[in-house]
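The values are calculated or read from the model by the stated rules, or taken from the named source; none is laboratory data. Predicted model, so just to flag it, every value in this text is computed and none were measured. All Cβ positions, glycine included, derive from the backbone under ideal geometry; neighbour counts span all protein chains shown. For the accessible areas, the whole protein counts, side chains as well, though only heavy atoms, and no ligand, DNA or RNA atoms are used. Shrake-Rupley method; radii C 1.70, N 1.55, O 1.52, S 1.80 Å.
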Amino acid sequence: MSYDMIVLGSGPAGLAAAIAARGRDKSVLVIGSRWQDSPLARAERVDNYPGLPGQTGLELLEEFFRHASGLGAEFVTGKALSLLAWNGFSVTVGSQVYQGRALILAPGVVRQAKYPGEAEFLGRGVSYCATCDGMLYRNRPVAVVGLSPDAPQEANYLQSLGCQVVYLSPRPPQGLDKDIPYIKAGKLAVRGEQTVTGLEADGALVPCAGVFILRRAVAPTDLLPALETEDQVIKVDRRMATNLPGVFAAGDCTGGPLQVSKAIGEGHVAALSACEYLDGQTTQGNTGHTP
Ligand SMILES: Cc1cc2nc3c(=O)[nH]c(=O)nc-3n(C[C@H](O)[C@H](O)[C@H](O)COP(=O)(O)OP(=O)(O)OC[C@H]3O[C@@H](n4cnc5c(N)ncnc54)[C@H](O)[C@@H]3O)c2cc1C
């Protein structure tokens, strides 16, 4: 499953990017939650989108989606869990991996307060992806911090691999295997030395070798740690290029104004810039890169 371009995010910016990319005849895969899950779907009336005043957010999104899919953009519904930037870009969604030569980030605003120790131990015991890293913890104790609706299934999967799972969340989970112990916990901190040795939950230590933190979305900076940001938004130039070759960004993730017209315009520019990047690669006879 290999595409010219992968667009991460199925809101207005991602859909506009897909439309522009298809206009240049590039194959494009949009990875995101359902288009109905964009925050725009909650707008009862949008009056500032040129030419189409008075539509609901959901109506606008439906038009954008129809346009993109009608032009041949492909869609995968799910959460991008990990991203490998080597010889292009490999994006993991569930157990599937999708390959693209250029990447457009359009995830909207993903604001996440991190737990103490989370960033420090990322890749050294902290993981956001049970499918990607579960096997590393076979026969070892792991803690799953369940913050997304699918987290109980991910915990069940880890248990089925042979991990000794403890599940922690602020609210009792639905669908958790009854053999998995559940701890109701609010205040968490990851503890360790070279690697993770435990998770502190409301002052009590749960010893473990791995901590899986499963949120609704994974922030682009967690997917691509080398991505440059400024004031908590992705830093881009006027071509919507980030500091990483082949990676472009558009929409709310690049900062205000947080509005549809700006997201659409940036998605369009990002896609044209990505097309230029791809055409440049073809001219040079180069099919991949390592940012
Ligand atoms: C109630 C409300 C009313 C609004 N009214 C207006 C208005 O009247 N006019 C106006 O111009 N703007 C309005 N806005 C703002 C507008 O909705 C946003 O500016 C616009 O949706 C931004 O588009 P985007 O594509 O950048 O991001 P989003 O619309 O946020 O889309 C990004 C999508 O990517 C998904 N995603 C993120 N990370 C991942 C991941 N790792 N894997 C898979 N999917 C992921 C998200 O779940 C989301 O669905 C309103 C917003 C709200 C909440």
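Descriptive notes on the structure:
- Hey, Ala41 among the small types (Gly, Ala, Ser), within 10 Å of the ligand (Cβ to nearest atom), under 12 Å from Ala250 (Cβ atoms) and open to solvent by less than 70 Å² (accessible area, probe 1.4 Å) or not: no
- Failed item in (1) open to solvent by 30 Å² or more (accessible area, probe 1.4 Å); (2) of a type in the set (Gly, Ala, Ser); (3) in contact (Cβ under 8 Å) with a residue 60 or more places away in the chain; (4) more than 10 Å from the ligand (Cβ to nearest atom), with Ser33 passing the rest: (4)
- Yes/no for Gln159 being within 19 Å of the chain's Cα centre (by Cα) and surrounded by 14 or more Cβ atoms within 10 Å (Cβ to Cβ): no
- Qualifying residue in region 25-44 (condition: acidic (Asp, Glu) and part of a loop (DSSP other than H, G, I, E, B)): yes
- So Ala13, is it away from the ligand (no atom under 13 Å from the Cβ), outside any loop (DSSP other than H, G, I, E, B) and closer than 19 Å to Lys262 by Cβ: no
- Residue in region 79-96 that is without any contact (Cβ under 8 Å) to a residue 60 or more places away in the chain, in contact with a Ser or Thr (Cβ under 6 Å, 6 or more places away or on another chain) and hydrophobic (A, V, I, L, M, F, W, C) present: yes
- Taking the conditions (1) surrounded by fewer than 16 Cβ atoms within 10 Å (Cβ to Cβ); (2) more than 8 Å from the ligand (Cβ to nearest atom) in turn, Ala18 satisfies each one other than (1).
- Scope region 102-154; condition assigned to a helix (DSSP H, G or I), open to solvent by less than 50 Å² (accessible area, probe 1.4 Å) and over 12 Å from Val211 (Cβ atoms); matching residues: Thr131, Gly134, Ala151, Pro152, Glu154
- Checklist (1) without any contact (Cβ under 8 Å) to a residue 24 or more places away in the chain; (2) open to solvent by 60 Å² or more (accessible area, probe 1.4 Å); (3) at negative phi applied to Thr254, failing item: (2)
Yes or no, residue by residue, for (1) closer than 18 Å to Pro107 by Cα; (2) open to solvent by less than 60 Å² (accessible area, probe 1.4 Å); (3) in contact with a Phe, Trp or Tyr (Cβ under 9 Å, 6 or more places away or on another chain):
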{"site": "Arg191", "(1), (2), (3)": "no, no, yes"}
{"site": "Leu199", "(1), (2), (3)": "no, yes, yes"}
{"site": "Ala204", "(1), (2), (3)": "no, yes, no"}
{"site": "Asp222", "(1), (2), (3)": "yes, yes, yes"}
{"site": "Ala226", "(1), (2), (3)": "yes, no, no"}
{"site": "Val233", "(1), (2), (3)": "yes, yes, no"}
{"site": "Val260", "(1), (2), (3)": "yes, yes, yes"}
{"site": "Leu278", "(1), (2), (3)": "no, yes, no"}
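- Test for Leu84: is it open to solvent by 70 Å² or more (accessible area, probe 1.4 Å) and part of a strand (DSSP E or B): yes
- Those residues of region 45-57 which are more than 8 Å from the ligand (Cβ to nearest atom), touching a helix residue (DSSP H, G or I) at 6+ places or on another chain (Cβ under 9 Å) and open to solvent by 80 Å² or more (accessible area, probe 1.4 Å), in sequence order: Pro50
- Scan of region 155-192 for residues that are in a loop (DSSP other than H, G, I, E, B) and of a type in the set (Gly, Ala, Ser), ordered by number: Gly162, Gly175, Ala185, Gly186
- Across region 80-108, the qualifying residues are those that are over 18 Å from Leu15 (Cα atoms) and out of contact with any strand residue (DSSP E or B) (no Cβ under 8 Å at 6 or more places or on another chain), and the one among them that is nearest to the ligand (Cβ to nearest atom) is Ser95.
- When Gly72 is tested against (1) farther than 21 Å from Asp252 by Cβ; (2) out of contact with any helix residue (DSSP H, G or I) (no Cβ under 9 Å at 6 or more places or on another chain); (3) part of a loop (DSSP other than H, G, I, E, B), exactly one condition is not met: (2).
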